[in-house]
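Asker: Okay, handing you the structure first.
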Amino acid sequence: MTGPLAALVGFMAFAAVSTAVGWLTRTRGWAPESLSRHVHWFTVVVLWTVTLMLVLWRDPPGASTAWLLVLQPIVVAVPPLIAMWVGRRFVKDRSALGVLVISAGVANTGLTLGMLVCHAFFHEPSPGLAAQLTPGEAVDPGRAARSYAAALVAVMVVAAIVTLYPLARKFSPDGDGGEGVARLVVRSLLDWRAMPLVGAAAGVALGHVGPAFPQVFDTIYLVDVLIFAGGFGAYFGIGARLRLGDTWKRPGLHAAAGLIRFAVAPAVALGAVALASLTSAPPSELLGRVLILEAAMPLAIQAVVIPNLFHLDARLASSLWLVNTVFYCVVLLPLLFVLA
């Protein structure tokens, strides 16, 4: 087993344990279920913000990632619109529909799965792909793919705050106060829960015009520690909301979430990359493949975190996340590596 693949398997095991700890904490009465929302708030506002800043400071996105500024927002915004249009026809519960719409826009592309998958998947590229790598990518294809994934996450954070936070407010039982879309977007950007956007911007700025990334941070594995701390907070909060007995009560929603994540979103990404490839300055082959692979990731942790923060049905969101993630890890991911 290669180093990147071992890291992926190890983090998946860590995620399972973290989720189990959250579930046990609630079921054993060690802490109330409401702790989940507080843990997710701290994880988003503090841990993810600092981690994104450090990752993008260490590996700042360059001109080669510019296409992600166009392509990734499409992948984030289009599937939720499809989910909302279709979902209104068969989902009568407003909160449940909100959960489905939010889940359609966020795939686990970053620190807690996608970056590790991309590193492992492209660490030893096929001869066909190797021949199409740019000189910079060819030095270390796995790290280049991981860097693209990190930039993709930063763009997804921005796109999610701009598009999904207003939708979450719209479906929230607290209501949107009758505000228009523009005011909803502005309120979302000025919310504490949008702090990862600030971290991403600070990381890009530091990477390009600031001081060099301190070597001591790598020496003490600061980024790795923060990734695991953020992963624990996110998965713990999901586990604290998880009701295993409720997992199969909404089979239609599970099927819809799976169809969107593993068929609709990759199709949207494939179409976007195909159109971009027709331009005079197309994205690199590796970047296009990373975008498509990431679009087919299972539900992101944000699919639970955002409903949890905006008082939607976090229990349903946890259930959708669990089934979607287990199906990907047990069925789709091994199949992808076998076919590759």
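Asker: Look through region 42-83, keep the residues that are over 16 Å from the mean Cα position of the chain (by Cα) and over 25 Å from VAL198 (Cα atoms), and return whichever of them is least open to solvent (accessible area, probe 1.4 Å).
Answerer: Checked region 42-83; the qualifying residue least open to solvent (accessible area, probe 1.4 Å) is ALA83.
Asker: Go through region 308-321 and report how many residues are open to solvent by 40 Å² or more (accessible area, probe 1.4 Å) and assigned to a helix (DSSP H, G or I). Before you say what the answer is, go through the steps one by one.
Answerer: Pass one, region 308-321, residues open to solvent by 40 Å² or more (accessible area, probe 1.4 Å): 311, 313, 315.
Right, trim to assigned to a helix (DSSP H, G or I) and you get 315.
Result for region 308-321: 1.
Asker: Additional query: With respect to the numbered conditions (1) in a helix (DSSP H, G or I); (2) crowded, with 18+ Cβ neighbours inside 10 Å; (3) among the aliphatic types (A, V, I, L, M), which one is the sole condition not fulfilled by VAL91?
Answerer: (1)
Asker: Going by what's in this entry, would VAL185 be described as at pLDDT 85 or above, surrounded by 13 or more Cβ atoms within 10 Å (Cβ to Cβ) and out of contact with any Asp or Glu (no Cβ under 8 Å at 6 or more places or on another chain)?
Answerer: The answer is no for VAL185.
Asker: Return yes or no: is VAL101 in contact (Cβ under 8 Å) with a residue 24 or more places away in the chain, part of a helix (DSSP H, G or I) and within 18 Å of the chain's Cα centre (by Cα)?
Answerer: yes
Asker: Now for a separate question. Filtering region 19-31 down to residues that are under 16 Å from TYR235 (Cα atoms) and of a type outside the set (Ser, Thr, Tyr), which residue is least open to solvent (accessible area, probe 1.4 Å)?
Answerer: Once the filter is applied, the top-ranked residue is GLY22.
Asker: Within 21 Å of ILE260 (Cβ to Cβ), in contact (Cβ under 8 Å) with a residue 12 or more places away in the chain and either of a type outside the set (A, V, I, L, M, F, W, C) or not in a helix (DSSP H, G or I) (or both): is that true of VAL78 in this structure?
Answerer: On the way: within 21 Å of ILE260 (Cβ to Cβ): yes; in contact (Cβ under 8 Å) with a residue 12 or more places away in the chain: yes; either of a type outside the set (A, V, I, L, M, F, W, C) or not in a helix (DSSP H, G or I) (or both): no.
In short, no.
Asker: Assess whether GLY239 counts as being free of Cβ contacts under 8 Å to residues at least 24 places away in the same chain, farther than 21 Å from MET115 by Cα and under 22 Å from the mean Cα position of the chain (by Cα).
Answerer: The answer is no for GLY239.
Asker: Regarding LEU339, is this residue touching a residue at least 60 places away in the same chain (Cβ under 8 Å), open to solvent by 10 Å² or more (accessible area, probe 1.4 Å) and hydrophobic (A, V, I, L, M, F, W, C)? First the steps, then the outcome.
Answerer: Numbers: touching a residue at least 60 places away in the same chain (Cβ under 8 Å): no; open to solvent by 10 Å² or more (accessible area, probe 1.4 Å): yes; hydrophobic (A, V, I, L, M, F, W, C): yes.
Against the criterion (touching a residue at least 60 places away in the same chain (Cβ under 8 Å), open to solvent by 10 Å² or more (accessible area, probe 1.4 Å) and hydrophobic (A, V, I, L, M, F, W, C)), LEU339 does not qualify.
Asker: Any residue in region 264-284 that is in a helix (DSSP H, G or I), open to solvent by 40 Å² or more (accessible area, probe 1.4 Å), without any contact (Cβ under 8 Å) to a residue 60 or more places away in the chain and of a type in the set (Ser, Thr, Tyr)?
Answerer: no
Asker: Quick check on my filter: what residues within region 104-159 are open to solvent by less than 20 Å² (accessible area, probe 1.4 Å), not in a helix (DSSP H, G or I) and not aliphatic (A, V, I, L, M)?
Answerer: Of everything in region 104-159, those that are open to solvent by less than 20 Å² (accessible area, probe 1.4 Å), not in a helix (DSSP H, G or I) and not aliphatic (A, V, I, L, M) turn out to be ASN108, THR109, GLY110, THR112.
Asker: Would a scan of region 160-177 turn up a residue that is surrounded by 19 or more Cβ atoms within 10 Å (Cβ to Cβ), at pLDDT below 80 and within 16 Å of the chain's Cα centre (by Cα)?
Answerer: Yes.
Asker: Hey, can you tell me all the residues within region 285-307 that are out of contact with any strand residue (DSSP E or B) (no Cβ under 9 Å at 6 or more places or on another chain), aliphatic (A, V, I, L, M) and open to solvent by 10 Å² or more (accessible area, probe 1.4 Å)?
Answerer: Residues satisfying the conditions are ILE292, LEU293.
Conditions tested, residue by residue: (1) modelled with pLDDT of 85 or more; (2) buried (at least 22 other Cβ atoms within 10 Å of the Cβ); (3) in a helix (DSSP H, G or I).
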| residue | (1), (2), (3) |
| --- | --- |
| ALA6 | no, no, yes |
| VAL9 | no, no, yes |
| HIS40 | yes, yes, yes |
| TRP85 | yes, no, yes |
| LEU97 | yes, no, yes |
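The values are calculated or read from the model by the stated rules, or taken from the named source; none is laboratory data. Note that the structure is a prediction, hence the values are computed from the model and not measured. Here the Cβ is made from the backbone with ideal geometry for all residues, glycine too, and neighbour counts use every protein chain on show. Remember, those area values only see protein heavy atoms, side chains included, never the ligands or the DNA or RNA. Shrake-Rupley method; radii C 1.70, N 1.55, O 1.52, S 1.80 Å.
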